[in-house]
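A short worksheet on the structure shown next.
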Amino acid sequence: MNPDRRCPCHSRKKYKRCCAPFHKGRAAPSPQLLMRSRFAAYALGLVDYVIDTTDPSGPQWVADREAWRQSIERFSANTTFQGLRIEGHTEDTVAFHATLEQMGQDASFRENSRFVQQDGRWLYHGAVTLSPAR
């Protein structure tokens, strides 16, 4: 991605000043920034980032990394990431509304994601889908 374009996390910042540093290895300093960077990673097809920022003890973890990788690649390739709105956050949770389209159909949803900190890095642990956001 051109680093001077707007970030796919919909922050209105340039990618190079938003999620790119996290995608290149810098630890996200908060769950909110990790969630944004994960949304952008899905949009950009950065599969390893999504996997590497997922808590191995969480319900989203998949032991078969290659199968998981292929699943994320399919999801990213078949999804248009149209928007992201943060609706609220606490110390370790982020509530958001993701506007997505898959194969011409609205696939938007609202979610409350939980994050944990391990070795000074935030990781996505799991989520409760609040509702389809149509």
When the chain is treated as a GNM, springs tying every alpha-carbon pair under 10 Å, which of Asp52, Asp119, Asp92 comes out with the largest mean-square fluctuation?
Asp119
For the stretch 40-134, state the semi-axes of the equivalent ellipsoid (square roots of 5 times the eigenvalues of the alpha-carbon gyration tensor), sorted largest first and rounded to whole angstrom.
21, 19, 11
Mind checking the stretch 87-116 for GluC sites (Glu not before Pro) that DSSP puts in a loop (not H, G, I, E or B) and that have at most 11 other Cβ atoms within 10 Å?
Glu91
Under unit Cβ charges (Lys, Arg +1; Asp, Glu -1), what dipole magnitude, rounded to 20 debye, does the chain have relative to its Cα centre?
700
Please give me, ordered by residue number, the chymotrypsin sites (Phe, Trp or Tyr not before Pro) of the stretch 36-134 that lie in loop per DSSP and have at most 11 other Cβ atoms within 10 Å.
none
Would you grab the residues whose amide H sits under 5 Å from the one on His125? Only those 5+ places off in sequence or on another chain, please, with H modelled 1.01 Å from N.
Asp55, Arg114, Phe115, Val116
The relative contact order of the stretch 1-114, taking Cα pairs under 8 Å that sit 6 or more residues apart, comes to a percentage of 18
Cβ-based charge dipole, the chain, positive-most Cα from Ser57, Pro3, Leu33:
Pro3
At most 15 other Cβ atoms within 10 Å and a DSSP loop assignment: could you name the trypsin sites (Lys or Arg not before Pro) in the stretch 10-89 that fit?
Arg12, Lys13, Lys24, Arg26
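Laboratory data are not the source of any read-out in this text; all were calculated from the coordinates shown. In this text, all values refer to a predicted model and were calculated from it rather than measured experimentally. Glycine gets a Cβ as well: all are built from the backbone with ideal geometry, and neighbour counts include every protein chain shown.
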